[in-house]
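Reading through the structure tokens given below for one structure.
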Amino acid sequence: MGNPTGFMDYERKEPGYRPKHERIKDFRAVEYEPAEDYIHDQAARCMDCGTPFCHAYGCPVANIIPEFNDFLYRGLWQQALEILLSTNNFPEFTGRICPATCEAACVAGINTAPVAIRQIELAIIEKGFEKGIFNSAPPIEYFDKRVAVIGAGPAGLAVADTLNKAGFRVTVFDEAEQPGGLLRYGIPNFKMEKWVVDRRIKLMEQEGVVFERGIIVGADISARYLKRHFDAICLACGARKPRDLSAPGRDLAGIHFALDYLIQQNKRVGGEQLTSSDEILAYGKSVVVIGGGDTGSDCLGTALRHGAKNVVQLEILSKPPPERSEKTPWPMWPLVLRETHAHKEGGEIKWAVTAKAFEGEKGVVKKIHCVEVEWQTKEGGSAPVAVEGSDFDIEADLVILAMGFMGPGNNSLIENFDLHLDDRGNVWADQNGMTSINGVFVAGDMATGQSLVVKAINSGREIATGIIEYLSA
Ligand SMILES: Cc1cc2nc3c(=O)[nH]c(=O)nc-3n(C[C@H](O)[C@H](O)[C@H](O)COP(=O)(O)OP(=O)(O)OC[C@H]3O[C@@H](n4cnc5c(N)ncnc54)[C@H](O)[C@@H]3O)c2cc1C
Ligand code: SF4
């Protein structure tokens, strides 16, 4: 610990966000990047606790947080970077978009503000690029083994990066025009600009990873072809089947799934050709986003930038408490009201409300009939019950369904590989990540269901270890 009284000497500060009136007019990143002197003081707040819960419990990739804080405080950027990269392949992604479960488990957070770990992580990697101390590091030599990774989201990229650095020849196939998965096509630019993804892909290419773009495995190339040409295969195709809302009027025009809306906008910002003639734009419209989670918040921010007349977000769950509740004591991830930067930009969120039916004119949605709900304890959990007489209508010319995801769905390659699924519809795997087919592994959301970027990276790292063991046997 560089400064034993740092946690008393300095307050937690954050680099902050661009002013609302300015950021709402574009899709550029909303958060400022951490400056060097800021990081010095923030790293000094780390207490180097006997049991660092941030590392051992909070961070899914187990970043060695107290150590990199100490190196940073002493100005030793190279050492801080090395220790960070020993656990996290892509800190430039997590440093920007991780919800920072580590900070919820920070010991300082028990009675004061936690250490600004996510910002420190971002500073280490960005200064690494800036100062030229982070460069491409191809393996010294390659084994005569080839691995195909299907899916270039964070899980597939972590598998590919880990295996390539260990000396295996890796080809990554993705059906999209550009690699990145949801990093590129799901997460809006205002949370992470895509040059961050491009820079990493370029680096991985320099290090020897081959990317095959625009190839649908299971349709353009088959499982049989891959098995013949590669010694092991890793599937990392995500979990994008959206939860639907079965309600009268659901088939009206103007009701879309969140990812269709977000992918289209990310392609528009990225200058990609849009394949659908049915563009989803919110300009001048009354927009209702059904689903109060992070995907819903991304849709809210996108609709505001499109120039929506107004945006309402409906959430079936009750409003969480403003402070950590007793049900989620430290160091657990707290059940607490979270206001994203998009919520601060505009719109309104209605809690404990559900949509009963859609009404339209000439086949296009115009209104949603809603009702308030109360959560009642029932056998095996709790369930929403409509509150009598609480019905109301909301105007809606554009409805976005952001109610979560239900596994990988009917991805063409599941049938093509003849994979077993688990009870939740995700691809089944043993403890080494191997599916029901010998030599075929699965990583990320495809195995766990929709989760977090940091968990996908962690899964990719673990599965790469399983593949190395398999290929070395
Ligand atoms: C809107 C949205 C916002 C999010 N925001 C955050 C956030 O802020 N922070 C956070 O931590 N997490 C966030 N998440 C979750 C996070 O993005 C995912 O958990 C993560 O991307 C999963 O990584 P993955 O590699 O398993 O899958 P994906 O990122 O989904 O990548 C799967 C890849 O497989 C490819 N693929 C699929 N089928 C085939 C096929 N048959 N042939 C070839 N290629 C195929 C796809 O094109 C895709 O590129 C968000 C998710 C969504 C939907
Ligand atoms: S990856 Fe996420 S949880 Fe881990 S140290 Fe970084 S911000 Fe914290």
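The table that follows gives values for the structure above.
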quantity	calculated
Order by protection proxy (mean Cβ within 10 Å, highest first), peptides 121-128, 332-339	121-128, 332-339
Alpha carbon convex hull of the chain, projected area averaged over orientations, nm²	24.2 nm²
All-pairs alpha carbon distance profile, the range 103-163, 10 Å steps from 0, percent	17, 25, 31, 21, 7, 1
Within the chain, percent of DSSP bridges classed antiparallel, to nearest 5	40 percent
Cα centroid separation, the range 55-108 to the range 114-187 (Å)	17 Å
Alpha carbon convex hull of the range 88-242, projected area averaged over orientations, nm²	11.4 nm²
In Hz, Karplus ³J(HN,Hα) per residue of the range 398-405 (6.51, -1.76, 1.60; θ = phi - 60°; x = Gly, Pro)	9, 10, 10, 8, 10, 10, x, 10
Charge dipole of the range 375-437 about the Cα centre (unit charges at C-beta), most positive-ward option of V385, L419, Q431	Q431
Amide H contacts of K356 (H built 1.01 Å from N, under 5 Å, at least 5 apart or other chain)	H369, C370, V371
Cα centroid separation - the range 353-412 against the range 419-470, whole Å	33 Å
Farthest positive-ward along the range 255-401 dipole, Cα basis, beta-carbon charges - from L398, W351, L259	L259
Gyration tensor (alpha-carbon) shape descriptor, the range 321-408, a/c threshold 1.5	prolate
Dipole magnitude (debye, nearest 20) for the chain, charges at Cβ of Lys, Arg, Asp, Glu	480 debye
Over the chain, relative contact order from alpha-carbon pairs under 8 Å, at least 6 apart, %	16 percent
Given charges at beta-carbon only (K, R positive; D, E negative), |dipole| of the range 255-401 in Debye	300 debye
Percentage of interatomic Cα-Cα distances in the range 6-130 larger than 24 Å	23 percent
Summed side-chain charge close to L452 - residues other than L452 whose Cβ falls under 10 Å, Lys, Arg +1, Asp, Glu -1	-1
For the range 439-450, Karplus couplings with θ = phi - 60° (6.51, -1.76, 1.60), whole Hz, Gly/Pro x	x, 10, 10, 9, 9, x, 4, 4, 9, 10, x, 3
Counted charge near N432, where neighbours are those whose Cβ lies closer than 9 Å (Asp, Glu -1; Lys, Arg +1)	-3
Listed peptides 363-374, 3-14 by packing density, highest first (mean Cβ within 10 Å)	363-374, 3-14
Taking the convex hull of Cα positions in the range 154-270, its mean projected area over all directions (nm²)	9.1 nm²
Relative packing of 400-409, 262-271, 26-35, which averages over residues the other C-beta atoms within 10 Å, highest first	400-409, 262-271, 26-35
Where N is the number of residues in the range 255-401, Cα Rg divided by 2.2 N^0.38 Å	1.16
Computed P(r) (all Cα pairs; the range 350-389; 10 Å bins; percent)	27, 38, 24, 10, 1
Unit charges on C-beta of K, R, D, E only; dipole of the range 44-114, Debye	120 debye
Percent RCO, i.e. relative contact order, over the range 6-130, from Cα pairs under 8 Å lying at least 6 residues apart	30 percent
Over 31 Å between alpha carbons, listed pairs K20/K267; K191/K362; K319/K356; K191/K319; K285/K378; K267/K367	K191/K362; K285/K378
Neighbourhood net charge (13 Å Cβ-Cβ; Lys/Arg +1, Asp/Glu -1) for H229	+4
The range 161-220: radius of gyration over Cα atoms, expressed as a fraction of 2.2 N^0.38 Å	1.20
Disulfide-incompatible cysteines by the Cβ rule (no partner under 4.7 Å) in the chain	C46, C49, C98, C106, C234, C237, C299, C370
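Laboratory data are not the source of any read-out in this text; all were calculated from the coordinates shown. The structure presented is a predicted model; accordingly, all values stated were derived computationally and were not measured. Counting neighbours? That spans all protein chains shown, and the Cβs are built from the backbone with ideal geometry, glycine included.
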